[in-house]
Amino acid sequence: MLLTRKTPWLRVVKHNPFASLRLFCFSYAGAGANAYRAWADAPFSDVEIVAVQLPGRETRMREEAFTAVTPLVETLVRELAPYLHRKPFVFFGHSMGALVSFELTRELRRQELPLPRALFVSGRRGPDSAAEPADSVMHRMNDADLIAELRDMNGTSAGVMSDPELLELLLPIFRADFSVCENWQYDDAPPLAMPIHAFGGVDDPGVSEAHLQAWSRQTDAAYTLELFEGDHFYVNHSRGQLLARVDAHLRGYSAMALEGASS
């Protein structure tokens, strides 16, 4: 199915109806599709970029946000399924987005629906890695403590953090998203059959190289790991370098898609 702006679940970042490959992007906690707005200038060729827009944020602010992985993923399967046929695709997710894209892929496999050609996971521990105790409390923090944690994470602009009215709107989104991450539990299942490419920041205090290496246990296919300058939000500070590496991988998948279309 051709992508249009009619579905609230998808925001077209880089339109290319003739692309051989479609890249679905999943945002980190508290963010929406706008987190990938700057990717419109990505060097990708023959790739169409779309960002998944979850309820409760940006254009869907009036809708209730999900607070658990299972209902979120089940809904995503239903809403995105029409866009997973005819054109090969890959998933990219940062932090919470990596978790959501991983569980979405496993649910697509269970339902025998089309699967991504590859999974790009960023700033998220491998699913079977043990969580730190602090990971289980953020969605239950009082406002002052939660705001302090968000400042330390360095992912929200100073302008937003100093605006009480904006924070009043955003804190419920953060709580819902942190609940999704913190209440999720890993279920053992066979490794995926597609490559996994893991990315992270060298100074990320919560996601180490070893945590990223754990993603290698989730695939029977190729696995790569690349680190960039920056902390958890290196995706913003080292965007150019990240996009260049993603592009290098995408070129291979685009070529395979073209070969498959011509055979």
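The values are calculated or read from the model by the stated rules, or taken from the named source; none is laboratory data. Note that the structure is a prediction, hence the values are computed from the model and not measured. Note: ideal-geometry Cβ built from the backbone for every residue, glycine included; neighbour counts use all protein chains shown. Areas reflect the complete protein model, heavy atoms only, side chains present, ligands, DNA and RNA absent. Shrake-Rupley method; radii C 1.70, N 1.55, O 1.52, S 1.80 Å.
Between the C-alpha center of region 172-231 and that of region 73-129 there is a gap of 13 Å. Label sites at L169 and K6, each approximated as a point 7 angstrom past Cα along Cα to Cβ, lie 2.9 nm apart.
Ordered from highest to lowest accessible area with the whole protein assembly present and a 1.4 Å probe, E112, E74 read as E112, E74. Ordered from highest to lowest accessible area with the whole protein assembly present and a 1.4 Å probe, D220, D247, D145, D46 read as D220, D145, D46, D247. Taking all protein chains as shown and a probe of 1.4 angstrom, V47 keeps an accessible surface of around 0 Å². At full extension, D46 and Y186 could sit 46.9 nm farther apart than now, given 0.36 nm per residue minus the alpha carbon distance. Full extension of the chain between V137 and F18 gives 38.3 nm of extra length, using 0.36 nm per residue less the Cα-Cα distance. A protection proxy built from the mean count of other Cβ atoms within 10 Å ranks the segments 209-216, 175-182, most packed first, as 175-182, 209-216. The Rg/Rh ratio for region 170-258 is 1.02, where Rg is the radius of gyration of the alpha carbons and Rh is the Kirkwood radius. The heavy atoms of D187 present about 100 square angstrom of accessible area, all protein chains included, probe 1.4 Å. Residues whose amide H falls under 5 Å from that of E48, counting only those 5 or more places apart or on a different chain, are L21, R22, L23, with hydrogens built in the peptide plane.
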